[in-house]
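Below is one structure, written out as structure tokens, with a few remarks after it.
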Amino acid sequence: MGGASPLANSRGARRPEQLKRGAFAAIVFSVLGLLTLVKISGGLDAWRDLAHIDPIMLGIAFGLIVLTWLFDSLRMRALVHSLGGSLSILEGMRISVMGAFVCNVTPFDTGGEPVQAYLLIDKGLTAGQSTAVVAVKAIMNAFARVSLGFAASAALLFSRSQWSLPLGMDIALSVGTTLYIIVFLFSLYLVFKPEKISVLVVPAVRNRFTMRFFKPETLDTALERIDHELREFREALQEFISNRRPALAAVLLLSYAAWIATMLIPAVVLTGLGLKTPYVQAMGVTIIFYLASAYAPTPGSSGAAELGFAALFSSIVPRAVLGLFVAVWRMITYYLNLALGGVLMALGFMRRGSGPPDRITRADNSDAM
């Protein structure tokens, strides 16, 4: 779990050059997806409507994404303060955006939580405590996503909406949703049974393959450090569960608030384009998309996100503006994070020098929520 976790420590670090390559790949895949949508939705002529988008609704959409950063900051702040650390709202928002940036440039959206865990170590927490903060936040976030996804599915079913999908897309949606739920349940199991992490980590760290490249003493030292961090992790989790339940409840409520804000963005964009928007249906389709696309293999789900989102909304958005709609949504929810997060990450690298950045983006596939 998290950047300071045993699983994370057993993996290689991502250097700034790797982040640059990831960002480049993400942009390439995203542009290819958008170009495909341009062709499908009638060419560049259809994009003239961008000049007529309601600036107030566009501003609201941008405000909603900023609101998600605020909610994420408040979640971290509540958990950090409950363990005796200190985190300001603005600093929490900075950590949130930087985590989103790394998430957007790593395959399967896996890099965000490790970055946040690393950055929280500077806020008065141990490595194990920062890992516990990020793990608990991720679990609460995933629980909110799954429960809202099920609620949306039920709402779409009982409302007898006209939402329909091709068979291939329907299968992909089902597979993606099932995979997300499996990973969520497994991560939840590890949170409540953290001692099981050792069962997974020891064979991964000390085996025939690693013994060829590292001295036994080196591997034993790594395992001792992992065991120490695991003890800190368990103690922090026990503190949350036993004595900090109000903080957990607040984090869960903030997770629901963050997802509702995210679900509103596409509906607000559609309204800004002058379309009659079925808000409940649009919000339901949005959360189902996020549930199913969580583990797309491209950096930031680029390419898959654009085409998948367009397919899901094709039943309620006219084809002529479908490409424009997806482009505006992606600009708000993805490119803004990519640009701002990239700037903050670059500033962080310049302040810290060449050493810490090698550790800052250790990826752990088990943590992506």
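Numerical summary
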item	result
Residues being part of a loop (DSSP other than H, G, I, E, B) and either at pLDDT below 85 or under 13 Å from R330 (Cα atoms) (or both) - total across region 265-304	8
Residue list for region 76-132, filter: among the basic types (K, R) and without any contact (Cβ under 8 Å) to a residue 40 or more places away in the chain	R77
Residue check for F62: farther than 21 Å from V343 by Cβ, out of contact with any Phe, Trp or Tyr (no Cβ under 7 Å at 6 or more places or on another chain) and not polar (S, T, N, Q)	no
Scope region 111-136; condition surrounded by fewer than 21 Cβ atoms within 10 Å (Cβ to Cβ) and under 15 Å from S187 (Cβ atoms); matching residues	none
Candidate set from region 313-329 (those that are free of Cβ contacts under 8 Å to residues at least 60 places away in the same chain and buried (at least 22 other Cβ atoms within 10 Å of the Cβ)); member that is nearest to L156 (Cα to Cα)	V317
Hits in region 100-138 - residues which are touching a Gly at 6+ places or on another chain (Cβ under 9 Å), of a type outside the set (A, V, I, L, M, F, W, C) and assigned to a loop (DSSP other than H, G, I, E, B)	T106, G111, G124
Residue match in region 108-115 (condition: at pLDDT 80 or above, among the hydrophobic types (A, V, I, L, M, F, W, C) and within 18 Å of the chain's Cα centre (by Cα))	yes
Matching residues in region 305-353 - criterion: being closer than 18 Å to H52 by Cβ, β-branched (V, I, T) and in a helix (DSSP H, G or I)	V321, V326, V328, I332
Of all residues making up region 62-78, the number that are aliphatic (A, V, I, L, M), in contact with a helix residue (DSSP H, G or I) (Cβ under 8 Å, 6 or more places away or on another chain) and farther than 12 Å from S255 by Cβ	4
Check on K137, of a type in the set (K, R) and at pLDDT 90 or above	yes
Residues located in region 121-152, provided they are within 24 Å of F289 (Cβ to Cβ) and touching a Ser or Thr at 6+ places or on another chain (Cβ under 6 Å)	M140, N141, A144
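The values are calculated or read from the model by the stated rules, or taken from the named source; none is laboratory data. On a predicted model such as this, the values are computed, not experimentally measured, just so you know. Neighbour counts run over all protein chains shown; Cβ positions are idealised from the backbone, glycine included.
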